[in-house]
Structures are given as structure tokens and as C-alpha cells.
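Engineer: Here it is, the structure, as C-alpha cells.
The values are calculated or read from the model by the stated rules, or taken from the named source; none is laboratory data. Keep in mind that what you see is a predicted model, and the values were worked out from it rather than measured. In this analysis, Cβ positions are derived from the backbone assuming ideal geometry, glycine residues included, and neighbour counts consider all displayed protein chains. Heads up: the accessible areas ignore ligands, DNA and RNA and are worked out on the full protein's heavy atoms, side chains in. Shrake-Rupley method; radii C 1.70, N 1.55, O 1.52, S 1.80 Å.
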Amino acid sequence: MSQHQQSNGFRYSVGQRTFRFRNLADLLAKATPARSGDRLAGIAAHNAEERVVAQMALADLPLKHFLQDPVVPYEDDEITRLIIDEHDLQAFAPISHLTVGGFRDWLLSDLASPEVLTSIRAGVTPEMAAAVSKIMRNQDLILVAKKCQVTTAFRNTIGLAGHLSTRLQPNHPTDDITGIAASILDGLLYANGDAVIGINPATDNVAQACRLIKMMSEVIEHYQIPTQSCVLTHVTNTIEAIEQGAPVDLVFQSIGGTQATNDGFGFNLATLAEAQDAALSLKRGTVGDNVMYFETGQGSALSADAHHGVDQQTCEARAYAVARKFKPLLVNTVVGFIGPEYLYDGKEITRAGLEDHFCGKLLGLPMGCDVCYTNHANADQNDMDNLLTLLGVAGCTFIMGIPGSDDIMLNYQTTSFHDALYARRVLGLKPAPEFAVWLEKMEIFRNGQNFTLNHQVPDRFNPSLSRVLGGNA
Amino acid sequence: MSKDFPTHPINDPVIENPWEVLRGFTDARIGLGRAGVSVPTRHLLDFQLAHAKAQDAVHTPLDSQGLIDNLKQQAWCTESVLLLHSQAEDRAMYLQRPDYGRRLNEVSQQQLNSLSQPKTPYDLAVVIVDGLSALAIEENAIPFLHALLPALTQQTNPWTLAPLCVVEQGRVAIGDHIGELLKARCVLILVGERPGLSSPDSMGLYLTWSPKLGRADSQRNCISNVRLAGLQHQDASRKAQYLLNEARTKNLSGVQLKDRADDTVLEQDSSHHSFLSAHA
């Protein structure tokens, strides 16, 4: 077996046969574990053998190569410029002699301690992370991700080892305040909501965002909850809400891995910088100043016809370069939301979730996962149980929590409040420490060590129930 | 299901949540109670049934011939009804190749090309597409058209209709291809929407003025959630008639054609105080 790199691409010989790959993007795409989105884009390997040969050729490629051969042109794309211009050669030095295959061995080895992994972060580009993930098995992705430690903070501390946080997602199809509050109460009494209480608004405009931000701010203040709120509206709406005096904790934006994708989303890096500054100016964090919340997902670049022939997993990893520039509190890969034309079934969703979590953590992000599926995907609750468990083992930063797994606004299924408690019990994962103290104080946990909930409605919540139910509470 | 808390929970494995009564304020699955920390059997199976219905809605084929026979019995039906097929041969291909679902196959293209064209172009082509829920079409297409088509053909300045089309394995944009080949001034697509857990039968309506291949989604107007438990057929028909007439007056559709019929709906309670704060 031998590899030759030529100016017009890559060749790799196995026995009598020589396989050709047009360029780095082609090699990465062909080396990607099978998924429908790359087939839809017409860039996937033609058969199983070509895929493995591409992985072999990729394994022989020096990491240094990625610094000289961007998959999206430097001149055309501000994310490529961000990746190249902010690459830290000093952090890169300890791994600069490695090939992609050697990098996998190094990551798995005891040389790559949590401290060392932290020190090389700024030297790893998204393409290097994506490349090595393509030749890693699921257990490799889990093992290395678990070694990566990423901690962030706003009103509590997210991402400590042995912890798993949850986003309480109280969506309602008409943004009805009482309906939303009912889901928030349900979530809090199931000990969810330490990552964020985050609403996807049904009516997406500034006035509605302000209304929901104020509503959540009142709840957090009234119960003195050590958590933060977010309305998942467009970044420019949040900037306007801040200008109008709304009590914004976190700024949300969906992000992609090419400039053209983000053009489609209607923002650029300067917009995010402006929003971050605006949120920081409010000084609402008490234990930290990570004020951004990003969501990503494989397939967004292809969906926006903005992928430059780059496979969807590499595009996804490039979105993490955007994320880490703005020191987010939370990054969430919404892995099964986009539909079966990008990730066909439970197997593809599971693989993508583990890849995204690994790449995000390796690059230094507080990586969570919306473990989810739509009804036209070939997936079900058992697939979600599997991915949730795998991500729990891998040290995933946070998951979603929603009543009974059913998002009645976005019409998809994600992890429930109960699911988070399952993960706590089987894996011993704790909520953020400040939030755990609050849960004990509010008597939501009867036994915080065993994650046993109070059998009664905690006293502090009875006045709220009386308010909504009159004398029936 | 309201009951007192068990004082000795060991005797009753399921712990009920007294705030279950708040389900009167939301369709969210709140207050499910728990067995240990897990979802109790009854709610687990309710969920499984909802998911089963949603999956069946995606995978059950549209009974096209039955639909066409039924359409032809309606007084408002066009003289002929055409059965067309996209380039996606089956459901597995349909789900993985949305591009195939947006184009007619060769046979259907020839079928439309061989039709004799009217002297003046049709005002409107109505296209019924299975989409992601045949159930939505079977339950909603005829009752909706029963309200809409007589209204359109009997209003002052009536609409002329191209032959009704029924499309198998189609997506919204296939209406562009059909509208272009029929040389219709406007196309209205009735399509089975992606089923939600509690709404396997939701039909969507998409209006595109001057349809042709390559139209962007921003050039369409959408009316969503048409079903018995959602937007009623009469209401959907009124909205569609309003949008169609506006589109014809302005010669366009999409983001520039604002659905003012929605404005009243948005005038909701603007308060932000909830029962979870002392301000309520």
C-alpha cells in the first residue's frame, strides 16, 4: 500500500488497484462513515472499499497539510480566515509531527492527558478534528471526548467532570405564557434546567422575544434559581431586545461552518461580536461571563446550498471555529432534527452525535447534544436511549429536557425530563453544583445523592399552583 | 387521575404529579408522574401509539385511485383529474432524495406536454401531493376543496382551473414543475405535512404565483396545520381565497405578499407575567 500526493489530488494504491481522490475535500468526504446527506450531495464514497481506502489515505496525511490546503478558499470565506489566522503554532507544536492516523493513536494514548488536551486545543483546526474523527470508532470518540475538560459559567458552572446539565425547553405552539410556565414548573420539579431555560418562540419577532425574556427573568428571580434564560430568536432580534432594555442572559444563534451558510442565516462574525459585547455590557452573570448559546447540526451547509463540496461532518466541525471565537456557555448539536435526507436512521444519528460531541470537545467547546429525531426518520425512542447513554458516558455537557419527549411546537422528539434523571441514576451524573444546592434547598430532591425526587409538591411551589388553580391546588 | 400522595410510596410504584391538572393549559406532556424516575407504563404506551400513528402516516401510500374516484364524484371537480408521479420511485428514495420529489418523472412530463392548451392560460392549477402524510390528504383534501373551489369559480372575477392533479411521492416544489408545464398563472399545492406526534394528519397549503422550476421557498405563501383539530377547512379556504386574490392583484407571491388575515390572530395577551412569579 502506498500513497502519493499530487498537485491534482491524492492517489492511494492497494494491491494492484489505485484509488484517486480529487482534492482534500474529496478525500475527507469519501473517508466519512456513510450517511444520507453526503449521498444527497453526491460526494460520498461509491462503495465500502473506497471508503476504507480513503480512510487509509487520510490516516497517512500529515496534520501540517491542513494548514496549507484549506477545504474552502481563504479568499472567499471568513471562517477559513478565522481558522488559519487564529491557529496557534505553539499549541500545535506537540502534535505537529503527527499524521492523522498518528493523531488518533496519540489522542487515545496516555500522553494525551486532560491537561495536555487542553494545552493543544488552539493548535487543532476543525478540519484536523473532523479528519481524525473519520478514522475513529464510536468507542474512540467516547474515550477521547471524556478526557477533554471544558468548563463554562454564567449563573452556575457547566461542564465539570461527573456532571450533566439540562436545557429546560418549555416550547408552546402559541407562546402562551401559562402553557410555557406549566412546562417550566414541570421541568423544575423534575430537577431540570441548569444549563438554561430556553424557549423556541412560535412567533419570532422582537416584541415576542422581549415578552418571553421578561417572563423567564421573573421566574428565575422569584425562585432565585441559579440558572440562565434564553429566547432562541435571531441574533439581530436579541441585539434589538437588549437595546430595548430586555433582561437578556444569553444570546442565541444557529451557526454553520461556511460563510455562505451563515449568510443564509443572516449574520456574520461581526454580528456575533456585536451581540456578545451587548450581552456582556448587561453584566448579568454572577459566576462567569460566557454569554453565547449556539446551535449547530450536520447538513445545514448542504441545506443552504453552501457546502463547497465539503462533507457535512467537516462543515459541522468548521462551525465550531465560529463558536469558540465567542466563548459560549453552551453549544448544542441538534443532531436528528434536520431529517432523514441528511441522517437517515438511528445508526447515522448516533454516529453523528458522537462525532459532533468529540470534535466540539477536542476544540474546547461546552458541547451538548439535542438527542432527537423527526417522525420521518427511521429512528425511535430506543435509538435515543442508546445515544443518550453513550453521550452520558462520553461526558456530554448537556442535553435537552422536555415534557414527555414531545416538542409540541417544533414537532419532533427529544430527551425528556425523565430521561435526564435516568442518566443521573445509571451514570451517577450530577447537575451543576450551584443548581444542585438550589434543588436541595427547594426540597425538589429528597435525596440528592440518589437523585430521588420529593414525593410531594415542595412547599415553596404551592403558592404558584394556588395562583393558577385557585383553591384547587 | 387525581389522587392523594402515597404516604408509603413503596406500596404504589407510580407517583402521580398533582400539577397534572395544568394540562388544561398546554398540550405538552407535563405531570406524567413517575415510576422511580421513569415514565409510567400508561404514558409510555400513549407516546408509543402517537409515534406509531405518525410513522404509519409517513409510510402508508396514498390511495390515489380512491382519491381520484372520490374527486370525480364532486360537483366542483374539473373535467379530468390527472395522476402524476415524481422521480422518486418509492418512499425510501423519497426520504433520502428530496430533489427527486421536486420533479415529475418522464412519463408524467409527457402526459402534461401532450395536453391541449386552452386559448387563455389557466388561472390556477390545484395540485394534491401525498408529501409526508397520505393520511392528511385523505382526511382534508376533499373537505377543503369543497369549500374553496366553488368559492373561487363563483366569485366575481372567477378563477379558471387547470385539471386537478394528484401526485405520488411529491414535495412542495413539484408544483412549480406542474404549473410550468400546464402554463398556469398560479399553483396551489395541498401537501401532507411532516407528522407531529399529536398531529399525524396535518395538511399544508402552498401558493406560488407564476410557477416555474427553480422558484425559491421565499416566493411562496404557506398556510399550515389544516386539519380537524387545527385550522378548520372553512377557515383555511377563506385564507387561501384571500391570498389567491391578493396574489392575482399584485402579480406575485411570497414574502412580499403579507397574510393580513393573520394580523388579528397576533393580537394576543401581551402580558409577560406568569403564575410562577409574584406579579401574576
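Engineer: Out of all the residues in region B:28-52, which are outside any helix (DSSP H, G or I) and at negative phi?
Structural biologist: Of everything in region B:28-52, those that are outside any helix (DSSP H, G or I) and at negative phi turn out to be B:A28, B:R29, B:I30, B:L32, B:R34, B:A35, B:V37, B:S38, B:V39, B:P40.
Engineer: Take residues that are within 14 Å of chain A (Cβ to nearest Cβ), modelled with pLDDT of 90 or more and buried (at least 16 other Cβ atoms within 10 Å of the Cβ) and tell me which of the helices (runs of 4 or more DSSP H) falling wholly in region B:162-280 contain 1 or more.
Structural biologist: Per the criteria, no element qualifies.
Engineer: Quick test for you: out of A:Q224, A:Q208, pick the one residue that is within 14 Å of chain B (Cβ to nearest Cβ), open to solvent by 10 Å² or more (accessible area, probe 1.4 Å) and without any contact (Cβ under 8 Å) to a residue 40 or more places away in the chain.
Structural biologist: A:Q208
Engineer: Let me ask another. Would a scan of region B:48-64 turn up a residue that is more than 10 Å from chain A (Cβ to nearest Cβ), polar (S, T, N, Q) and free of Cβ contacts under 8 Å to residues at least 60 places away in the same chain?
Structural biologist: No: zero hits.
Engineer: Additional query: If we scan region A:349-359, do we find a residue that is of a type in the set (A, V, I, L, M, F, W, C), away from chain B (no Cβ under 13 Å) and over 18 Å from A:D311 (Cα atoms)?
Structural biologist: No, because not a single residue in region A:349-359 is of a type in the set (A, V, I, L, M, F, W, C), away from chain B (no Cβ under 13 Å) and over 18 Å from A:D311 (Cα atoms).
Engineer: Continuing with the same structure: If you check A:L453 against the conditions, is it of a type in the set (A, V, I, L, M), touching a residue at least 40 places away in the same chain (Cβ under 8 Å), closer than 22 Å to B:L32 by Cα and open to solvent by less than 40 Å² (accessible area, probe 1.4 Å)?
Structural biologist: Taking the combined requirement at face value, the residue satisfies it.
Each row is one residue, and each column tells you yes or no for (1) polar (S, T, N, Q); (2) touching a helix residue (DSSP H, G or I) at 6+ places or on another chain (Cβ under 7 Å).
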residue	(1), (2)
A:A45	no, yes
A:A48	no, no
A:Q55	yes, yes
A:D60	no, yes
A:V71	no, yes
A:A91	no, yes
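Engineer: Can you spot a residue in region A:234-247 that is within 14 Å of chain B (Cβ to nearest Cβ) and open to solvent by less than 20 Å² (accessible area, probe 1.4 Å)? Please lay out each step first, then the result.
Structural biologist: Of region A:234-247, the ones within 14 Å of chain B (Cβ to nearest Cβ) are A:241, A:244-247.
Next cut, open to solvent by less than 20 Å² (accessible area, probe 1.4 Å) only: A:241, A:246.
Taking every residue of region A:234-247 in turn, at least one turns out to be within 14 Å of chain B (Cβ to nearest Cβ) and open to solvent by less than 20 Å² (accessible area, probe 1.4 Å).
Engineer: Same structure again: Tell me which helices (runs of 4 or more DSSP H) are completely within region A:238-307 and hold 3 or more residues being in contact with a Cys (Cβ under 8 Å, 6 or more places away or on another chain), or say none if there are none. Write out each step before concluding.
Structural biologist: Numbers: elements: A:259-265, A:269-281, A:300-303.
Passing ranges, in order: A:300-303.
Engineer: Of the residues A:Q253, A:Q276, only one is touching a strand residue (DSSP E or B) at 6+ places or on another chain (Cβ under 7 Å), within 18 Å of A:F326 (Cβ to Cβ), polar (S, T, N, Q) and surrounded by fewer than 22 Cβ atoms within 10 Å (Cβ to Cβ); which?
Structural biologist: A:Q276
Engineer: Need the failing condition index for A:E434 against (1) within 26 Å of A:E348 (Cβ to Cβ); (2) in contact (Cβ under 8 Å) with a residue 60 or more places away in the chain; (3) away from chain B (no Cβ under 14 Å); (4) surrounded by fewer than 20 Cβ atoms within 10 Å (Cβ to Cβ), just the number.
Structural biologist: Condition not satisfied by A:E434: (1).
Engineer: Please work out which one of (1) more than 10 Å from chain A (Cβ to nearest Cβ); (2) at pLDDT 95 or above; (3) part of a helix (DSSP H, G or I) is the condition B:I10 fails and give its number.
Structural biologist: (2)
Engineer: Are any residues in region A:396-430 at positive phi, of a type in the set (S, T, N, Q) and not in a loop (DSSP other than H, G, I, E, B), and if so, which ones?
Structural biologist: A:S405
Engineer: Further question on the same structure: Looking for whichever is under 24 Å from A:A352 (Cα atoms), basic (K, R) and within 11 Å of chain B (Cβ to nearest Cβ) here; the options are A:R446, A:R424. Which one fits? Steps first, please.
Structural biologist: Details: A:R446 fails: under 24 Å from A:A352 (Cα atoms).
When all the criteria are applied, what remains is A:R424.
Engineer: Give just the number: which of (1) open to solvent by 40 Å² or more (accessible area, probe 1.4 Å); (2) in contact (Cβ under 8 Å) with a residue 12 or more places away in the chain; (3) more than 28 Å from A:L302 (Cα to Cα) does A:A112 not satisfy?
Structural biologist: Among (1) open to solvent by 40 Å² or more (accessible area, probe 1.4 Å); (2) in contact (Cβ under 8 Å) with a residue 12 or more places away in the chain; (3) more than 28 Å from A:L302 (Cα to Cα), the lone unmet condition for A:A112 is (1).
Engineer: Next question. Out of curiosity, is A:V468 in contact (Cβ under 8 Å) with a residue 60 or more places away in the chain and under 22 Å from A:C396 (Cα atoms)?
Structural biologist: No; evaluated as a whole, the condition is false for this residue.
Engineer: Something else about it: Filter region B:13-32 down to the residues that are touching a Lys or Arg at 6+ places or on another chain (Cβ under 9 Å) and more than 7 Å from every other protein chain (Cβ to nearest Cβ), then identify the one that is nearest to A:N411 (Cα to Cα).
Structural biologist: Here the residue is B:R23.
Engineer: Right, something else. For region A:157-205, what are the residues that are part of a helix (DSSP H, G or I) and either within 8 Å of chain B (Cβ to nearest Cβ) or free of Cβ contacts under 8 Å to residues at least 12 places away in the same chain (or both)?
Structural biologist: Passing the criteria: A:I177, A:T178, A:G179, A:I180, A:A181, A:A182, A:S183, A:I184, A:L185, A:D186, A:L189.
Engineer: Restricting to region A:398-417, and then to whatever is open to solvent by 10 Å² or more (accessible area, probe 1.4 Å) and in contact (Cβ under 8 Å) with a residue 60 or more places away in the chain, can you tell me which residue is nearest to the chain's Cα centre (by Cα)?
Structural biologist: Of everything passing the filter in region A:398-417, A:L410 is nearest to the chain's Cα centre (by Cα).
Engineer: Additional query: Restricting to region A:180-208, name every residue that is touching a Ser or Thr at 6+ places or on another chain (Cβ under 7 Å) and modelled with pLDDT under 95.
Structural biologist: A:P201, A:A202, A:D204, listed by residue number.
Engineer: I've got another one for you. What are the residues in region B:90-105 that are of a type in the set (A, V, I, L, M, F, W, C) and within 10 Å of chain A (Cβ to nearest Cβ), if any?
Structural biologist: B:A92, B:L95
Engineer: Residues in region B:120-132: is at least one of a type in the set (D, E), part of a helix (DSSP H, G or I) and surrounded by fewer than 24 Cβ atoms within 10 Å (Cβ to Cβ)? Before you say what the answer is, go through the steps one by one.
Structural biologist: The initial filter retains those residues of region B:120-132 that are of a type in the set (D, E), namely B:123, B:130.
Narrowing further to those that are part of a helix (DSSP H, G or I): none.
No.
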